[in-house]
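Below: the structure, in structure tokens.
The values are calculated or read from the model by the stated rules, or taken from the named source; none is laboratory data. Worth saying up front: this structure is predicted, and the values here are computed from it rather than measured. In this analysis, Cβ positions are derived from the backbone assuming ideal geometry, glycine residues included, and neighbour counts consider all displayed protein chains.
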Amino acid sequence: MNDIWITLQNMGWNLTHRLGIVDVIDILIVAFILYELLLLTRHTRGSALLKGLFAILMISFLSSLLGFTSLNWLLTSVLKNGALVLVVLFQPELRKALEKMGRSRIFGKNGRKNVDDERERIVSEIVQTAVDLSKRRVGALIVFEQKTGLQDYIETGTMLNAEISAPLLENIFEPNTPLHDGAVIIRDDQIVAAACILPLAEASGVSRELGTRHRAAVGISENTDATVLIVSEETGIVSMARDGVLHRPLTVDGLKDILNDLYTEKKNRLTAFLQNLKKGMGEAVHE
């Protein structure tokens, strides 16, 4: 036990007295790689395998400290072939990681193009949904999660975790279907949940002619930084709510500008958002 304590003391001394800037950078790089690996394997079979591998590393370290020679030899033998084991166990995750790296901005214009293409696809699908529902006067309520998490509201609905597409969104809001009543919540490029219950607006400035759908949109935008798209069931007018304020009606071009802003990294997103709203205010989408 004394030897273990001395070993730990030596490790602590080395960390506090011999740690240089290169060591700090090295540790940060490894920490970043491990963090990305955890994100990559989250909600996959690889997460359980990664936990098992981490457990083997910890047991190997403890067996070395405690002097369990046989156990330490066995675990060390397993870990010596770690590279081959990782390739076999994490083949799907490694392939996904390499594909992600290939699409990233680091590798030039192709990565940037893929990001832009995906943004354009998402914006196009949402605009198409708004236009189609507006023409048919089918009500819709779509919430775009921003920095404030909406997990409490997500849990009130039905989980979907589906890719954003116009046919799916239109089918969700189709009258007399199980999920049409309530809000759809979108996080990044996924429809997280449908039929979610939102808080109603508390502001006295909300017009009485507006129904529950608009009051819910204003309500969620009062309590969070979410942006909300609304299609009126009565008039087909498309509106947007942000910071407790309802902006209506929106043109197709105005809606595209706002959605592009939501899916584009900008330093001053709120200012750009309000500028796009001013440009977008005009005739209703369905007209």
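State all residues of the stretch 181-192 that are buried (at least 17 other Cβ atoms within 10 Å of the Cβ) and without any contact (Cβ under 8 Å) to a residue 40 or more places away in the chain; if no residue qualifies, say none.
Going through the stretch 181-192, the residues buried (at least 17 other Cβ atoms within 10 Å of the Cβ) turn out to be 182-187, 191-192.
Correct list: ILE191 only.
Just name the residue that is surrounded by the fewest Cβ atoms within 10 Å (Cβ to Cβ) out of those in the stretch 122-171 that are in a helix (DSSP H, G or I) and among the small types (Gly, Ala, Ser). If we take residues in the stretch 122-171 being in a helix (DSSP H, G or I) and among the small types (Gly, Ala, Ser), then SER124 is surrounded by the fewest Cβ atoms within 10 Å (Cβ to Cβ). Take the residues in the stretch 154-184 that are under 20 Å from ALA217 (Cα atoms) and among the small types (Gly, Ala, Ser), then tell me which one is farthest from the chain's Cα centre (by Cα). For the stretch 154-184, the residue satisfying everything is GLY182.
Per-residue answers, yes or no, for (1) more than 20 Å from the chain's Cα centre (by Cα); (2) at pLDDT below 95; (3) not assigned by TED's automatic domain parsing to the domain that holds SER232:
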{"position": "VAL88", "(1), (2), (3)": "yes, yes, yes"}
{"position": "GLU93", "(1), (2), (3)": "no, yes, yes"}
{"position": "GLU99", "(1), (2), (3)": "no, yes, yes"}
{"position": "THR129", "(1), (2), (3)": "yes, no, no"}
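A single entry from LEU179, LEU198 fulfils the requirement of being closer than 22 Å to LYS135 by Cβ, in the same structural domain as ILE122 (by TED's automatic domain parsing) and not aromatic (Phe, Trp, Tyr): LEU179.
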